Structures are given as C-alpha cells and as structure tokens.
1. Identify, please: which residue in the range 177-198 is of a type in the set (S, T, N, Q), at pLDDT below 95 and surrounded by fewer than 17 Cβ atoms within 10 Å (Cβ to Cβ) and is, among those, farthest from Gly154 (Cα to Cα)?
2. Are there strands (runs of 3 or more DSSP E) fully within the range 88-185 with at least 2 residues that are in contact with a helix residue (DSSP H, G or I) (Cβ under 8 Å, 6 or more places away or on another chain), in contact (Cβ under 8 Å) with a residue 12 or more places away in the chain and more than 25 Å from Gly77 (Cβ to Cβ)? List them.
3. Identify, please: which residue in the range 119-143 is crowded, with 21+ Cβ neighbours inside 10 Å and either touching a strand residue (DSSP E or B) at 6+ places or on another chain (Cβ under 7 Å) or aliphatic (A, V, I, L, M) (or both) and is, among those, nearest to Val170 (Cα to Cα)?
4. All but one of (1) surrounded by fewer than 23 Cβ atoms within 10 Å (Cβ to Cβ); (2) modelled with pLDDT of 95 or more hold for Gly231, so report the exception by its number.
5. Return a yes/no flag: does the range 40-57 have any residue that is exposed (fewer than 15 other Cβ atoms within 10 Å of the Cβ), within 13 Å of Ile248 (Cβ to Cβ) and hydroxyl-bearing (Ser, Thr, Tyr).
6. Inside the range 166-176, can you point out the residues that are buried (at least 17 other Cβ atoms within 10 Å of the Cβ) and either closer than 16 Å to Glu134 by Cα or at pLDDT below 95 (or both)?
7. Would you mind stating whether Ser68 is of a type in the set (Ser, Thr, Tyr), surrounded by 16 or more Cβ atoms within 10 Å (Cβ to Cβ), at pLDDT 95 or above and assigned to a strand (DSSP E or B)?
8. Just the residues that are within 19 Å of Ala64 (Cα to Cα) and not in a helix (DSSP H, G or I), please, taken from the range 25-52.
Amino acid sequence: MRKLFITGNWKMNKTATEAVQLVSALVKKVEGLSDKIDIAVCPPFTTLDRISTILKGSGVSLGAQNLSDKASGAYTGEISAAMLLDLGVKYVIIGHSERRQYYGETDELISKKAKFALGAGLLPIVCIGETLQEREAGKMSNVITTQFKGSLAGLTAEDMLKTTIAYEPVWAIGTGKTASPDQAQEVHALIRKLLVDTFGKAVADKVIVQYGGSVKADNAKELMAKPDIDGALVGGASLDAEGFSALIKNSIG
C-alpha cells in the first residue's frame, strides 16, 4: 500500500515574511497527520532557511523547486544540491512543465538533474505531462512515454524507489481545468505500466505517482481514490493554509 504524498509548489510566490506566516499556519492545521500522509512544501529559494527552522519536527518536509546539474563553480544564478541539503531540504522538483516551457529544459537535462540529486542524497520529484495540443492530436501516450524514458534515463531500480513521478497535464496547470479522475487515472496507469516494463513490478508497485493539475480541496478526494494516483503536486491551492490543509485532509477521506 503506497502512502499518499502531497507536495505544495509555491512557484515564484511569497516573500520570506509571507512564507513564514503561511507555513506556520499550515503546520498547526496538519498536525498529527504525518502517520497517514506525507506532506512537503517547496517554497522559493529565498525562504528555505527560515522555513526549514519552522518545519523541524513538524511532520512536514521541505522541498526545493529546482537545482543545478553541477556541484559548484562559475554558474551564476544556480543552486547546488549541497546548498539545498545544508538548509534541510529533502525533496526537489525536477523538470516542471514551466521549466520545460519557459527555460528550455530537455529530458536529457532533467535526467542529469535527477541523477545528480539522487547522488547527493536528495529525493527528486520528476515531472512529465502533455500539452493541450498534444492531447488533442492523440499524442498523449507517445509524449508521456518519451518523457518518461528520457527524464528517467540512467536511473536504476534502487534510484527509482527514491524518486517520485508527478504527472501534470500542462493544459490543466493554472487554467482552472482539471483532468477528470478517469482521464488522470488513464495516464497514471500508463506510467505504472512503463514503470513495470522498465524497472519491474516490485519497484513499480512502490513508486509514488502524483497528479498535478489544478488540484483543489473539492476534487482531491475523488482523484486520490483512483488506484494509481498516489498524491498531488499542488500549485495555487498550496498558497493558502486553510485551503491547502483542507485539500490534504480531503485526500485521506
């Protein structure tokens, strides 16, 4: 039985002061739930230090939204795995659709980042998903398969057990549109089959596959009830402690 895993991706939102207020309120609202569900928040880099202090012993883990594929050096504007680990970061989002779309991140680079994160002791959340045009053209299966194979290239079965996959239909991110539970389950089932084919059933049965596409408190329960949906990568709905905590509680029924 896979334990549900809900991650809040704050994207480029919240100053340090605002972040402290948000996470302080969230910790109180989800107190005692860590036995039933894994929870993480991924705030901006500028807030990680202060948020890390608040989260200690809370049952809520700290994540980051990106990392470099280099250990250190003359890479202006980049953040290394060692820097993240030093701040108490446990998870790191890799290959989010916005990184792919706006910053040209390729499957090859995402694979390098995932391997680098794992080698450093971070747990990657690797994102894959199709655009509206790709879905309407009947290319969803091909896109998901290509991104899966490319973004996870070189990972071992042992690596995969430490890796979360987030399926995010690009057409449902920040648009208010959500894939129906059946649509989401269809893609999650495909991802599970790809995991079986690539890493074996024993590994596939343990890998967490999150859904990320306009998940909110009012649709979380129905989505999480599907057999291959193991949690959510939540964007806008994670920016409010009341709404995010309700989403988390609804996810576990």
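1. Ser180
2. 164-167
3. Gly129
4. (1)
5. No: zero hits.
6. Residues satisfying the conditions are Tyr167, Glu168, Pro169, Val170, Trp171, Ala172, Ile173.
7. no
8. Result: Asp38, Ile39, Ala40, Val41, Cys42, Pro43, Pro44.
The values are calculated or read from the model by the stated rules, or taken from the named source; none is laboratory data. Not measured: the values here are computed from a predicted model. Please note: Cβ atoms are built from the backbone with ideal geometry, for glycine as well, and neighbour counts cover all protein chains shown.
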